[in-house]
Amino acid sequence: MPGKNFALRTTSEETAAIADARISDLAHRLARQLQESPAPPVSGGPAYPLTLLHVLDQLQQATERLQRQAATDAARAGAGYPQIGAACDMTRQGARRRWPGLFHHSNEKPTEHPTMTSPARPFDVLLVEDDIADAMLIEEALSERGTRNLVQVTDGVAALEHLRAPGAVRPDLIVLDLNMPRMNGQDLLKVLKTDNDLQTIPVVVLTTSTAPDDVTGAYTSHANAYVTKPVNLDEFEQAVQSIDAFYLDTATRPRP
């Protein structure tokens, strides 16, 4: 399963020292072979350093290719971007930017969930969230599980304008924050669940609030689920992917 814990046997510094030594030895041996000479020239001319630079450049390109393949293999084995990033001393976002598309569903690319089938069309998600950082995390978490068409709006008024616009695509899922300007999540939820055209769209409240009144109010207004945003980034990602997995993969959705 994605998110398994693992530990490297050496520190980053120890691994770097070993790698530097081996790469240096390999580069010098390759440079000597290219020059067809048993030893580097004694003179201070540029021929050997240039040959060595050429070899190092080729090794760097080979490393990039091998890293991409290793990231792909790790994804197929169940690692997620947080674990892949940690192995390279970078953040999850950094790993995602460096090796995009590791979890897109196709025959050529790996998937975090091998039992899932590719959807007949991309799923459409409407995210009603005014926090830019949280919106980015939600988008990343959804994109790691497959193709998702995500539209983000920052308040309830904008959400209704989008949903009621002529020719607007009906979302398969609405992910809704509570605390927003103009029209908050509670008010938007009441409108959605009393609208004959929109009331069957699943709505999941995803918010920082743990207040009993907010929880009760959301379910009284017929929210399909209420999820509190975890503080831990990995747990936040897992919570979003759990919502996605149930409502877009498991639950049977009404036809438009």
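A compact table of results
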| read-out | value |
| --- | --- |
| Filter pass, A225 being open to solvent by less than 70 Å² (accessible area, probe 1.4 Å) and either over 30 Å from P100 (Cβ atoms) or in contact (Cβ under 8 Å) with a residue 24 or more places away in the chain (or both) | no |
| Leading residue by the ranking (modelled with the highest pLDDT) among those in the stretch 75-88 that are surrounded by 20 or more Cβ atoms within 10 Å (Cβ to Cβ) and aliphatic (A, V, I, L, M) | I84 |
| Residue identified as at negative phi, more than 25 Å from the chain's Cα centre (by Cα), at pLDDT 75 or above and buried (at least 16 other Cβ atoms within 10 Å of the Cβ) among R32, R98, R22 | R32 |
| All positions within the stretch 161-179 that are open to solvent by 20 Å² or more (accessible area, probe 1.4 Å) and either in contact with a Leu (Cβ under 8 Å, 6 or more places away or on another chain) or within 21 Å of F123 (Cβ to Cβ) (or both) | H162, L163, R164, A165, G167, A168, V169, R170 |
| T111 among the β-branched types (V, I, T), crowded, with 16+ Cβ neighbours inside 10 Å, at pLDDT below 80 and under 29 Å from T250 (Cα atoms) | yes |
| Some residue of the stretch 153-162 being at pLDDT below 80 and out of contact with any Ser or Thr (no Cβ under 7 Å at 6 or more places or on another chain) | no |
| Check on A133, in contact with a strand residue (DSSP E or B) (Cβ under 8 Å, 6 or more places away or on another chain), assigned to a helix (DSSP H, G or I) and free of Cβ contacts under 8 Å to residues at least 40 places away in the same chain | no |
| Matching option when the condition is without any contact (Cβ under 8 Å) to a residue 60 or more places away in the chain and among the aliphatic types (A, V, I, L, M), among V175, V203 | V203 |
| Looking only at the stretch 215-256, and only at residues there that are at pLDDT 85 or above and touching a Ser or Thr at 6+ places or on another chain (Cβ under 7 Å), the one that is farthest from Q83 (Cα to Cα) | T228 |
| Restricting the stretch 228-243 to residues that are open to solvent by 70 Å² or more (accessible area, probe 1.4 Å) and free of Cβ contacts under 8 Å to residues at least 24 places away in the same chain, the residue that is farthest from V205 (Cα to Cα) | N232 |
| Residue within the stretch 182-194 that is in contact (Cβ under 8 Å) with a residue 24 or more places away in the chain and under 13 Å from I138 (Cα atoms) present | no |
| Test result for V125, modelled with pLDDT of 85 or more, outside any loop (DSSP other than H, G, I, E, B) and more than 19 Å from A223 (Cβ to Cβ) | no |
| Pick from the stretch 138-151, criterion modelled with pLDDT of 65 or more and open to solvent by 30 Å² or more (accessible area, probe 1.4 Å), ranking: farthest from the chain's Cα centre (by Cα) | V151 |
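The values are calculated or read from the model by the stated rules, or taken from the named source; none is laboratory data. Keep in mind the model is a prediction, meaning the values are calculated, not measured. When we count neighbours, we look across all protein chains shown, and the Cβ atoms used for this are built from the backbone with ideal geometry, even at glycine. These accessible areas exclude ligands, DNA and RNA; they are computed on the full protein's heavy atoms, side chains included. Shrake-Rupley method; radii C 1.70, N 1.55, O 1.52, S 1.80 Å.
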